[in-house]
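Report on the following structure.
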Amino acid sequence: MERVSIDGVEHDPGDPRSAIPVSDHGITVGDGVFETLQIVDGAAFALSRHLDRLRRSARVVDLGPLPEPDTIRKWVGEILRNGPQTGRLRLTVTAGDGPLSSARGEGPVRTILATSGLPARRAESNLHIVPWTRNERGALVGAKTTSYAENVVALAAAARTGADEALLLNNRGEICEGTGSNVFVVLDGRIHTPPLSSGCLAGITRELVGELVTVEETTLTPADLDRAEEVFITSSTRDVQPVASVDDRLYPGRKGAVTAAVFHRFSELKANRPDP
Ligand SMILES: Cc1ncc(COP(=O)(O)O)c(C=O)c1O
């Protein structure tokens, strides 16, 4: 971790005063929402869209009131000033202090910003379909909450098979998303992605890709993966990443022409528009 601020006050990450109290409901029960942004040329890419989604997530879990977007923008500006040119910015808002149980306390919310480097980007990703499902009717659907232990378990299971991302189906057996990514499947030259009703997160990168190229929202199943020409995944830290395999299904990966075109369009957007 490189830099940390809590409610706008910057701390040395190694300083015990930067510690979050054990009574923070984000720590005790994962009661919080978050965003992960990519730092591009020293700025938080697509900050406006991330701030909008943060508010939507907070509404789903009835968390708040949040600091005003302009206040968070100011804190983001401060933590990135003279900071890294590239990397990851994590913006977390927890419910603040609360009891050691599921009942929520009085708050106020706690806003935590932290920067770190990005892991070396792999040119291609290999996916593993895990046995656990996303609940498309769950209370947290649509929200990016800090309750991410299911993703931790799924990603670890994928890693044990040699994959670097887990692919989750939903309770209906439809393709949903990765632990930290949205999935796109090329069928007959056309790009498809699961609709939000699959239970997947409304990824910012997913949204931007949908504005750059024609993407159809289609209910997809593993049978579609059997006949797919190309597969790629998207996220704020992976951007557009070609998929080389989903378990024993093999794809062209970075040699896929459709994926390469989307990758190119997205790279151009990133280079030219800091807050699309
Ligand atoms: C569960 C999940 N789905 C999809 C995504 C991709 O979203 P974005 O493009 O906004 O990073 C993420 C991001 O981490 C995620 O956690």
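Quick notes on this structure:
- Screening region 46-69 for residues that are more than 16 Å from the ligand (Cβ to nearest atom) and at pLDDT 95 or above and picking the one that is most open to solvent (accessible area, probe 1.4 Å) gives Arg59.
- Selection within region 32-45 - farther than 17 Å from Leu201 by Cα and within 14 Å of the ligand (Cβ to nearest atom): Gln38, Ile39, Val40, Ala44, Phe45
- Single unsatisfied condition, Leu89 versus (1) closer than 19 Å to Gly178 by Cα; (2) within 19 Å of the chain's Cα centre (by Cα): (1)
- Selected residue [in contact (Cβ under 8 Å) with a residue 60 or more places away in the chain and surrounded by fewer than 18 Cβ atoms within 10 Å (Cβ to Cβ)] from Gly117, Gly173: Gly117
- Scoring Ala244 on the criteria (1) within 15 Å of the ligand (Cβ to nearest atom); (2) in a strand (DSSP E or B) leaves a single failure, condition (1).
- With respect to the stated conditions, Arg227 fails to be under 21 Å from the mean Cα position of the chain (by Cα), among the basic types (Lys, Arg) and assigned by TED's automatic domain parsing to the domain that holds Val262.
- Scanning region 127-161 for residues that are open to solvent by 60 Å² or more (accessible area, probe 1.4 Å) and assigned to a loop (DSSP other than H, G, I, E, B), we see that the one that is farthest from the ligand (Cβ to nearest atom) is Thr161.
- Region 6-111 holds helices (runs of 4 or more DSSP H) entirely within its bounds, and those carrying 2 or more residues that are of a type in the set (S, T, N, Q) map to 47-60.
- Hey, Leu220 in a loop (DSSP other than H, G, I, E, B) and either of a type in the set (Lys, Arg) or buried (at least 20 other Cβ atoms within 10 Å of the Cβ) (or both) or not: yes
- Residue match in region 35-55 (condition: charged (D, E, K, R), farther than 30 Å from Ala244 by Cβ and touching a residue at least 60 places away in the same chain (Cβ under 8 Å)): no
- Region 19-45 - residue that is under 12 Å from Arg104 (Cα atoms) and touching a helix residue (DSSP H, G or I) at 6+ places or on another chain (Cβ under 6 Å) and, of those, most open to solvent (accessible area, probe 1.4 Å): Asp31
- Among the residues making up region 178-192, those that are within 11 Å of the ligand (Cβ to nearest atom) and open to solvent by less than 20 Å² (accessible area, probe 1.4 Å) are Gly178, Thr179, Ser181, Asn182, Val183.
- Among the residues making up region 69-95, those that are without any contact (Cβ under 8 Å) to a residue 12 or more places away in the chain and under 15 Å from Val9 (Cβ atoms) are Gly77, Arg81.
The values are calculated or read from the model by the stated rules, or taken from the named source; none is laboratory data. On a predicted model such as this, the values are computed, not experimentally measured, just so you know. As a convention, Cβ positions derive from the backbone with ideal geometry for all residues, glycine included, and neighbour counts pool all protein chains shown. Note: accessible area is taken over every heavy atom of the protein model, side chains too, but ligands, DNA and RNA are not part of it. Shrake-Rupley method; radii C 1.70, N 1.55, O 1.52, S 1.80 Å.
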